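Here's the structure, in structure tokens; my notes come after.
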Amino acid sequence: MDIKTLRMTMMKLKKTEPQKAKVYSALLSLSLIIAKNDGNREVKDEDIVLAAKKELKMAQQSKDSGAPYIEETFEICKSFLPKVLTKEDTKKIIEEIIKKLDNPNMGLIMKELKSQSGVDMKIASQLVKELI
């Protein structure tokens, strides 16, 4: 979702679902702050994903401490996060990377994996150790 769509969604929800609108508003504000702090540039999709991760973390901390939080935050923020690949899919990607590298080692493989969307790096690290 881009910043324009995020803003329009927030505006639509203000009258019908104010709690959800608050979550979208927080994501919008945090995305703008992230972009501003990174050279006062336009908001990128990655900024919105980063904002969603931060909001999700803050909501979890509030929930764990007993502080008030908006339950919809979890559902909404998770919808912005990339889908995490399964262990089997991650293994296939690692095997392909190993095949195309001349001298595969842990560092090179992990560097290649960072560019892949949705890879759980903890699982990937374990798999790389098993495969090389």
Exercise. Note down the relative contact order for segment 1-47 as a percent, whole number, built from C-alpha pairs under 8 angstrom at least six residues apart.
Key: 36 percent
Quiz item: Straight-line reach from K91: which lysines have a Cα under 27 Å away, not including same-chain ones fewer than 8 places off?
Solution: K53, K78, K83, K99, K100, K111, K114, K122, K129
Practice problem: Determine the relative contact order of segment 1-101: mean sequence separation of Cα pairs under 8 Å and six or more apart, normalised by residue count, in whole percent. | Solution: 24 percent
Quiz item: Where does each of 14-23, 90-99, 38-47 land if you order them by average Cβ count within 10 Å, highest first?
Solution: 90-99, 14-23, 38-47
Self-check item: Whole-Å distance, taken between Cα centres, linking segment 79-125 and segment 1-57
Solution: 28 Å
Quiz item: How large is ³J(HN,Hα) for each residue in segment 13-28, as worked out from phi by the Karplus curve 6.51 cos²θ - 1.76 cosθ + 1.60 (θ = phi - 60°), to whole Hz, x for Gly and Pro?
Solution: 7, 3, 7, 8, 9, x, 5, 5, 4, 5, 5, 4, 5, 5, 5, 4
Quiz item: Whose amide H sits under 5 Å from the amide H of V119, counting only residues 5 or more places off or on another chain, with H placed in the peptide plane?
Solution: L85
Practice problem: For the chain, set up a Gaussian network in which alpha carbons nearer than 10 Å are linked by springs, and say which option among K36, K100, K54 fluctuates the most. | Solution: K100
Quiz item: Excluding same-chain residues fewer than 8 positions from K63, which aspartates and glutamates have a Cα within less than 18 Å of its Cα?
Solution: E55, E71, E72, E75
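We did not get these values from a lab; they are worked out from the coordinates using the rules stated. This one's a predicted model, so the numbers in the text were calculated from it and none came from an experiment. Here the Cβ is made from the backbone with ideal geometry for all residues, glycine too, and neighbour counts use every protein chain on show.
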